[in-house]
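Visitor: Quick one: the structure is below, questions incoming.
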Amino acid sequence: MAPDAAAALGRIRAGAPQHARPYERYLLTPTAWAALAEALAVDRGLALLSLWAEPAMVHAAFLAEEEGEILLASCPAQGGHYPALSPARPGAVRFERMIRDLWGLVAEGAEDSRPWLDHGHWGVTGPLSNNPAPNALPPPQPEFLAVEGEGVHQIAVGPVHAAVIEPGHFRFHVQGETVARLEVRLGYAHKGTIGLMLGKSPRAAARYMARLSGDSTVAHSWAFAMAAEAALGVVPPPRALALRALMAELERIHNHLNDWGFACNDSAFAFPHARCGALREAVLRASAAAFGHRLMMDRVVPGGVAQDLAPGGAEAILAALEVAAAEIPVLLQIYENHASLADRVVGTGSLAAALVARFAAGGFIGRATGRGFDARRLPGYAPYADLEVAVPVLPQGDVDARIRIRIAELQESIRLVRGLLKTLPDGELAVPLPQRAGEGVGMVEGFRGECLHWLALDDGGLIRGAFPRDPSWLQWPLLEAAIENNIVADFPLCNKSFNCSYSGVDL
Amino acid sequence: MLWPRLAKNLFGRPLTDPAPPVPDQVVQALVERLEAAAQQRLGHSLSIREVDTGSCNGCELEINALSNVVHDLERFGLRFVASPRHADVLLVTGPLGRNMRAALERVWECTPDPKWVVAVGDCAVDGGVFKGSYAVEGGIAEALPVDLVIPGCPPTPTQLLEGLLALLEAQALPRATPFWRRDED
Ligand code: SF4
């Protein structure tokens with residue numbers, strides 16, 4: 001263990017425990033938090049996973065990478081201020097901008113204090129603070145970081161894109177054909193989701209988390225349910241857990257197939273796109289036959305699952321996966337054997353392992369760059385402990401590596417689904433939720449990476465505070481790094497190889 | 001190898017689904033709307049520009065699935081275009097987010113007349129679950145005249161196709177039965 005990490009860990013553990021489950025949250029004083037920020041600046045061992053707020057209080061979630069321990073820390077925002085973590089952890093930058101926009105709390109010494117989600121259209125500022133202030137000012141012009149140099153010009157793309165994708169703005173600074181800097185401006189899909197959840201029961205709020213990012217509806221619903229169950233000290237029945245894993249793996253399969261195909265398409269190689277599309281469609285239809293919804297939305301609920309596997313569902317899933325399992329090796333061979341494709345994907349959009357580690361980026365983006373974190377293994381959660389999930393890791397960090405990780409995961413998920421269907425336990429689908437206070441954390445490995453949810457319930461069991469952290473928070477900034485010094489024409493391909501969520505981070 | 005596979009597929013059964021039934025009432029309602037507006041008919045095909053005003057991306061997944069080989073949208077003369085300037089139809093998803101209203105209005109202004117607006121998904125119909133948020137104005141009709149709504153969360157590709165075919169029939173010039181209706185004769 002690095003001595004500095006021990007120092008930072010020790011500073012958190014010296015705080016007052018607040019009884020969050022299963023990971024403790026420690027309340028620090030603003031002075032202790034400032035000391036923590038300093039300790040983090042010299043320490044590499046403690047990764048920042050999330051940063052969020054409640055009125056007058058800021059919370060952070062950390063992962064001690066070597067120890068595999070997750071812990072939370074909080075700092076009261078006296079007079080609406082708290083010491084920034086962004087000088088020590090670059091991943092904190094967007095969280096701090098978001099906290100200022102939603103709760104009106106200011107990070108002192110922050111790396112970047114420009115607005116993030118608040119584009120000036122809401123009619124209020126600090127909508128989640130105790131006293132949102134009316135805002136009648138005209139929306140300000142967005143400011144972008146400047147790039148100096150001869151012949152530098154800008155290309156502005158979005159928020160409405162040429163393809164059928166979510167809204168966001170990309171500002172390229174370009175020198176000739178080469179991208180000198182990309183800056184992503186998001187927030188266009190902001191729906192005020194956290195505000196809608198406050199004061200509702202976990203059961204009633206689950207529908208918002210099923211719609212945080214539609215492609216990850218199962219993973220986010222599960223992480224949210226896990227947080228609620230941890231807060232209330234209930235354990236869902238074994239059958240519910242197995243069905244959740246079944247749905248989560250189907251979700252991983254359909255998304256990996258989709259993006260593999262699209263990445264080939266963006267390399268002007270349409271055949272794998274067509275085939276992946278057909279295989280994915282079969283998986284979605286099987287999911288609909290098994291769970292009554294193609295994306296399996298609203299099927300995972302706090303306490304368990306909303307419905308059982310339909311009769312014939314298992315057969316439909318197995319049939320769809322058999323076709324996919326037979327064809328994936330063939331498609332992989334095609335992917336590998338075409339020089340025109342290899343030319344586009346190998347060495348394109350490369351990331352440095354050190355940068356990925358600094359951002360603690362998870363999912364296939366981390367695993368394609370040597371960071372092997374997978375929440376199914378660590379911290380691990382039921383029912384995965386018995387399934388021995390294989391986690392592929394590659395060092396290259398380019399578009400090709402990200403695609404290959406996803407192909408390997410695809411095959412592993414097919415194996416997991418088959419195993420889950422074989423050993424599906426009998427029994428109840430859900431347990432009732434008591435109405436009482438509690439605080440919980442849930443972490444579930446979605447197809448993009450770990451979905452990390454925090455939830456606090458008041459005495460009546462209603463939501464006092466919540467924060468769903470999509471994995472894309474720590475991945476979007478890396479897209480900006482990956483495209484640097486690549487040509488503009490490779491951006492769609494790089495972007496697809498990341499496929500970050502807009503809605504998931506726009507909240 | 002790719003080529004033997006392609007050859008095999010040439011002699012195989014097509015993957016494409018048959019067209020879904022198109023509801024006559026919807027076509028009729030659209031025709032009336034068209035006539036009331038004295039709108040010019042567009043002909044046999046429609047170019048579609050998709051605009052997401054704050055969806056959860058579930059609707060985008062299903063709209064993209066329309067282009068896969070199983071649904072093969074283009075066989076009906078429906079296709080997605082990259083710019084609103086080339087579009088006949090704006091297919092709008094998501095609740096009307098306050099952060100997207102200005103962009104949506106600009107897209108509308110850039111789209112040449114005559115044009116249709118289709119609100120896709122429960123969110124686009126009336127804000128869906130996001131109704132009442134400080135960041136959401138409601139459905140797409142708060143900003144634009146909506147011609148057709150396709151509810152669902154998200155609507156399935158089949159439901160999307162039904163709606164789009166109804167639009168195609170309503171605005172087509174009087175002519176022979178479209179190919180997807182020939183079996184009904
Ligand atoms: S209608 Fe449903 S799937 Fe579509 S954007 Fe809204 S929540 Fe997502």
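The values are calculated or read from the model by the stated rules, or taken from the named source; none is laboratory data. Every value quoted in this text rests on a predicted model; they were computed, and no experiment measured them. Cβ coordinates were reconstructed from backbone atoms using ideal geometry, including for glycine residues, and neighbour counts include every protein chain displayed. Keep in mind that these areas ignore ligands, DNA and RNA; they rest on the heavy atoms of the full protein, side chains included. Shrake-Rupley method; radii C 1.70, N 1.55, O 1.52, S 1.80 Å.
Visitor: If R₀ is 25 angstrom, what is the calculated FRET efficiency for the pair B:Gln159 and A:Leu424, using the beta carbon separation as r and rounding to 0.05? Let's see the in-between values first.
Guide: Working: r = 31 Å, r/R0 = 1.24.
Calculated value: 0.20.
Visitor: So if the hydrodynamic radius of chain B is defined as the Kirkwood radius over C-alpha pairs, what does Stokes-Einstein give as its diffusion coefficient at 10 °C and 1.306 mPa s, in µm² per second?
Guide: Working: Rh = 17.3 Å.
The estimated diffusion coefficient comes to 92 µm²/s.
Visitor: Just the number: Rg to Rh for the protein assembly as shown, Cα atoms, Kirkwood Rh, two decimals. If you can, show how the numbers build up before the last one.
Guide: Numbers: Rg = 24.8 Å, Rh = 26.0 Å.
Reported Rg/Rh, Kirkwood definition of Rh: 0.96.
Visitor: Something else now. About the Cα centre of chain B, what is the dipole size in debye to 20, counting +1 per Lys and Arg Cβ and -1 per Asp and Glu Cβ, all else neutral?
Guide: Values: 17 positive and 24 negative charges, 131 e Å.
Dipole magnitude for chain B comes out near 640 debye.
Visitor: While we're here: When all protein chains stay in place, what accessible area (Å², nearest 10, 1.4 Å probe) is found for B:Thr156?
Guide: Around 40 Å² of this residue is reachable by solvent.
Visitor: Here's another thing I want to ask about it. Considering only segment B:90-185, what is the antiparallel percent among its DSSP beta bridges, to the nearest 5? Numbers along the way, then the final one.
Guide: Details: 1 of 8 bridges.
Taking every DSSP beta bridge within segment B:90-185, about 10 percent pair in antiparallel fashion.
Visitor: Please arrange A:Glu251, A:Glu143 by accessible surface area, largest first, computed with a 1.4 Å probe and ligands excluded.
Guide: Values: A:Glu251 5, A:Glu143 135 Å².
Result, largest first: A:Glu143, A:Glu251.
Visitor: If I histogram all Cα-Cα distances within segment A:3-131 using bins 10 Å wide from 0, what percent of pairs lands in each bin?
Guide: Taking every Cα pair in segment A:3-131, the percentages come to 14, 46, 31, 8, 1.
Visitor: Let me ask you something else. In segment B:90-185, which GluC sites (Glu not before Pro) fall in coil by DSSP and have 13 or fewer other Cβ atoms within 10 Å? Mind showing how you got there, number by number?
Guide: Details: sites: B:Glu105, B:Glu109, B:Glu137, B:Glu142, B:Glu162, B:Glu169, B:Glu184; in loops: B:Glu137.
Qualifying residues, ordered by number: none.
Visitor: OK, next. Out of all DSSP beta bridges in chain B, what portion is antiparallel? Express it as a percent rounded to 5.
Guide: Values: 1 of 17 bridges.
The antiparallel fraction comes to roughly 5 percent.
Visitor: Run the reach check for B:Lys8 against aspartates and glutamates, Cα to Cα strictly under 16 Å, same-chain hits fewer than 8 apart removed. What comes back?
Guide: A:Glu327
Visitor: If you roll a 1.4 Å probe over the heavy atoms of the protein chains, what accessible area per residue do you get for segment A:200-469, in Å²?
Guide: Working: 8260 Å² over 270 residues.
Accessible surface, normalised per residue, equals 31 Å².
Visitor: Filter the DSSP H helices in chain A by two things, a Kyte-Doolittle mean of at least -0.5 and an axial alpha-carbon span of 27 angstrom or more, and list the hits by number.
Guide: Working: long enough: A:238-266 (42 Å, -0.26); A:270-291 (31 Å, 0.51); A:313-337 (36 Å, 1.02); A:399-422 (35 Å, 0.15).
Once both thresholds are applied, what remains is A:238-266, A:270-291, A:313-337, A:399-422.
Visitor: Using the basic label-point model (7 angstrom from Cα toward the beta carbon), what is the B:Ala102 to A:Glu388 distance in nanometres?
Guide: In this crude spin-label approximation the distance works out to 5.8 nm.
Visitor: Follow-up. With an 8 Å Cα cut-off and a minimum separation of 6 or more residues, compute the relative contact order for segment A:1-139 in percent. Present the calculation step by step, with values, prior to reporting the outcome.
Guide: Working: 284 pairs, mean separation 26.2, N = 139.
Computed value for segment A:1-139: 19 percent relative contact order.
Visitor: Of all beta bridges DSSP finds with both residues in segment A:3-131, what is the antiparallel percent, to the nearest 5?
Guide: 75 percent
Visitor: Given the -39500 (n - 2.57) contribution per DSSP H run of 4+ residues, what per-residue ellipticity at 222 nm results for chain A, rounded to the nearest 500 deg cm²/dmol? Let's see the in-between values first.
Guide: Working: 16 runs with 204 residues, N = 507.
That calculation yields -12500 deg cm²/dmol at 222 nm.
Visitor: Let me ask something additional. In whole angstrom, note down how far apart the Cα centers of segment A:224-264 and segment A:429-491 are.
Guide: The two parts, judged by their Cα centres, are 13 Å apart.
Visitor: With a ≥ b ≥ c the root eigenvalues of the C-alpha gyration tensor of segment B:110-156, is it rounded (a/c under 1.5), prolate (a/b larger than b/c) or oblate? Don't skip to the end; give the middle numbers.
Guide: Values: a/c = 3.01, a/b = 1.43, b/c = 2.11.
Since a/c reaches 1.5 but b/c is at least a/b, the shape of segment B:110-156 is classed as oblate.
Visitor: For A:Phe172, A:Phe144, B:Phe11, write out the residues from largest to smallest accessible area, computed with a 1.4 angstrom probe and no ligands counted. The partial results should precede the final answer.
Guide: Working: A:Phe172 5, A:Phe144 50, B:Phe11 180 Å².
From most exposed to least exposed: B:Phe11, A:Phe144, A:Phe172.
Visitor: Still on this model: Translational D (Stokes-Einstein, µm²/s) of segment A:65-190 at 37 °C and 0.692 mPa s when Rh comes from the Kirkwood sum over C-alpha pairs? Walk me through the intermediate numbers first.
Guide: On the way: Rh = 17.0 Å.
Using the Kirkwood radius from Cα pairs, D works out to 193 µm²/s.
Visitor: Under the √(5λ) rule applied to the eigenvalues of the Cα gyration tensor, what semi-axes describe the equivalent ellipsoid of segment A:217-315? Give them in Å, descending.
Guide: On the way: eigenvalues 183, 49, 13 Å².
Semi-axes from the Cα gyration tensor: 30, 16, 8 Å.
Visitor: If you take the alpha carbon radius of gyration of segment A:200-469 and divide it by 2.2 N^0.38 Å, what ratio comes out, to two decimals? Each step should come with its number before you reach the end.
Guide: Details: Rg = 18.8 Å, N = 270, 2.2 N^0.38 = 18.5 Å.
Against the compact-globule rule of thumb, the ratio is 1.02.
Visitor: While we're here: Taking 41 Å as R0, compute the FRET efficiency from the Cβ-Cβ separation of B:Glu32 and B:Tyr134 and round it to 0.05. Walk me through the intermediate numbers first.
Guide: Values: r = 37 Å, r/R0 = 0.91.
Efficiency computed from Cβ-Cβ geometry: 0.65.
Visitor: Any chance you could check the Cα centroid distance between segment B:94-157 and segment A:265-333 for me, in angstrom?
Guide: Cα centroid of segment B:94-157 versus Cα centroid of segment A:265-333: 29 Å apart.
Visitor: Note down the relative contact order for segment A:355-427 as a percent, whole number, built from C-alpha pairs under 8 angstrom at least six residues apart.
Guide: On the way: 72 pairs, mean separation 20.8, N = 73.
Here the relative contact order equals 29 percent.
Visitor: Now, a different point. Tell me which DSSP H helices of chain B clear both cut-offs, 20 Å or more of axial length from alpha-carbon atoms and a mean Kyte-Doolittle hydropathy of at least 1.6. All intermediate terms of the calculation are to be shown ahead of the outcome.
Guide: Details: long enough: B:157-171 (21 Å, 0.65).
Qualifying helices, which must be both long enough and hydrophobic enough, do not occur.
Visitor: Please state the relative contact order of chain A as a whole percent: Cα pairs under 8 Å, 6+ residues apart? Walk me through the intermediate numbers first.
Guide: Numbers: 1096 pairs, mean separation 86.3, N = 507.
Across chain A, relative contact order equals 17 percent.
Visitor: Additional query: Mean projection of the alpha-carbon convex hull of segment A:379-447 over all orientations, in nm²?
Guide: Working: hull surface 28.4 nm².
Computing the convex hull of the Cα atoms and averaging its projections yields 7.1 nm².
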